[in-house]
1. Can you sort 485, 153 by how many other beta carbons sit within 10 Å, fewest first?
2. For the chain, what does the helix formula give at 222 nm: sum of -39500 (n - 2.57) over DSSP H segments with n ≥ 4, over the residue count, nearest 500 deg cm²/dmol?
3. Based only on Cα atoms, what mean projected area does the convex hull of the range 62-101 have, in nm²?
4. Could you tell me how many degrees, from 0 to 90 and to the nearest 10, lie between the Cα long axis of helix 268-280 and the main elongation axis, the longest principal axis, of the Cα atoms of the chain?
5. Arrange the following residues from fewest to most other Cβ atoms within 10 Å of their Cβ: 205, 488.
6. In whole angstrom, note down how far apart the Cα centers of the range 349-363 and the range 84-141 are.
7. Give, in nm to one decimal, the length gained when the segment between residue 430 and residue 356 is fully stretched (0.36 nm per residue of separation minus the Cα-Cα distance).
8. Along each of its three principal axes, how wide is the spread of alpha-carbon positions in the range 194-339, in whole angstrom units, largest first?
Ligand code: NAD
C-alpha cells in the first residue's frame, strides 16, 4: 500500500525553476506495475500556461543571438548528462511507464540520436549565398529561429519523443515549451534539471504540466509559433486543425496500425521471432508496433500461426524489476479495460482466439495494469480490432491470398505509420516498397523506425501537416528562411527606376 507521504506533489518547470501548480487541479501518476498512485501532477490553468509562454518569449532573443556553435555546445553537455545519469533516468522511466529496463535503455539511446543530430545544427542551418546577382547586389538566404515553439508529447516514450521534438528546436535557437504527458511527467521534470545543469539559459526549456487547458492555450496563444505534437490520431487531427486555424506551423503525428506481410518464401522461424518482439515489446504500446501479421496463402498462415502459438505461450509478462520479463503492464486501468474489451469484441465479431492474454493469473490477480499476449486469427477488415488502433498486446492475423491483396488492404486502411514485408524475393519487395502508401517501410526489418538522422513520420491518419519528427527536416521545421539582398556601392549617384527590377546590369 502506498501511504499518503509517499505520493509526491510534482511541479512545473518555468523560468528555470520548479514552480508549484496554482490551479488546485491535479492528475494522478501511477506506477503501472503496482497500480499505486506515486505522484500528483499539477494541471496548469490557462493563466499559468500564458505566464510560462511569456517567460519563454523574454528569454528567446538572447538565445537566438547566442552563436550556433555555443548553443550546440550546451546540447552536447546535455547529452553527456543524460548518459551520466542513465541509471536514475531508467528508474524514473520504468517506474512511471512500466517498461522493462532494456526497453527504456533502448528508448534513451534512440532519443539521444536526435540530440546528436541537434549537436550538428551548425551544419544544418547553413544558408545559401549568391554574389553579384545584379547591380552589385549579393543575395543570401539564412535560417532564423521561430521564437517560442511548443511540443506536446504522449505517454509511451517519456524521453525519446520529447527529445526528438525539442533538441533541434533548442539547438537552432528557439525557446521550447513542452506539455509533457500527464501520465509520465517525472521524466520530463528530471530532464529539465539536466538542461539547467548543461547551462541552458532559464526560459529556453519549459515544462508546463497539464491537460486540455494548457494545450489549448499553446494552440491559441499568438506568441507560440509552431506546434510539434505526437499522440493519438483524433487528438493529432484536433491539434492540427486548431493550431493551423491560429496561424501556426503544425506537425501532428498520430497513431498506427502497422502490418507485417509474410511471403510464402520467408523463413517463418525468423519471421515469428521478429514479429513477437515488434508486436509485444513495450506491451505493444509503440506507435510502430506491429499490430497485424498478414501471411500470404493459407499454408503460410497455418504454419506461422502454429509457431507463433508456441512462442507466445512462453512470453513472460511481469515487473521491470524482474530480469527475465519480456514486457510489463499497460499504462492505466482504463487502458487495460479498453484492450480487454477490444479482445472480447474481436471474438464476438468472429475472430479466433489463438493465445488468450485475458486468462493469465497476473491479469486477474495483480493490482498492476497487466494484459497478457493475445493473438486473434481470422481477423478481417470491418472488425473493430482490425480498424482501430489497440494500444496493448492484442495482435491480429489477417490471412490474404496474394501480395496484391495485402497491398490493397494496407493502402485502404485509415492509418499509415509503419509497415514491413518479410521475403527473400527482391521483386516482391520492390513492388511492395513502390506501391505501399505508408510513411515508414521495412524489408525484413521488424520495426522500420528510421535512425535519428533520417526523417520520421507516417502517412494518412498517422500524420497531419507535413513536417517530420527526427531527421534533418527538424532544422527546417523549427526555422524560417529569410532571403536578404544587399548592395554596397562606392558610386553614390542614384536614380529612381520604375520598371520591375530585372537584375540584368
Ligand atoms: P494522447 O493523444 O491521449 O495524448 C497525447 C498528448 O495530448 C498528451 O500530452 C495529452 O495530455 C494531450 N491530450 C490528450 N487529449 C487531449 C485533448 N482532448 N485536447 C488537447 N490535448 C489532449 O496519446 P497518448 O495516449 O498519450 O499516447 C499514445 C498514442 O500516441 C498512440 O495513439 C500512439 O500510436 C501515438 N504515438 C504516435 C507516435 C508517432 O510517432 N506517430 C509516437 C508515439 C505515440
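We did not get these values from a lab; they are worked out from the coordinates using the rules stated. Since the model is a prediction, treat every value here as computed from it, not as a measurement. With ideal geometry, Cβ positions are generated from the backbone for all residues, glycine too; neighbour counts draw on all protein chains shown.
1. On the way: 485 14, 153 26.
Listing 485, 153 from fewest to most nearby Cβ atoms yields 485, 153.
2. Values: 17 runs with 198 residues, N = 505.
Computed mean residue ellipticity for the chain: -12000 deg cm²/dmol.
3. Numbers: hull surface 15.3 nm².
One quarter of the hull surface, i.e. the mean projection, equals 3.8 nm².
4. Once rounded, the angle reads 60 degrees.
5. Numbers: 205 27, 488 7.
Ranked by crowding around the Cβ, least crowded first: 488, 205.
6. 41 Å
7. Values: separation 74, 0.36 × 74 = 26.64 nm, distance 3.61 nm.
Taking residue 430 through residue 356 to full extension adds about 23.0 nm, to one decimal.
8. Taking max minus min along each principal axis of the Cα atoms, the range 194-339 gives 59, 37, 33 Å.
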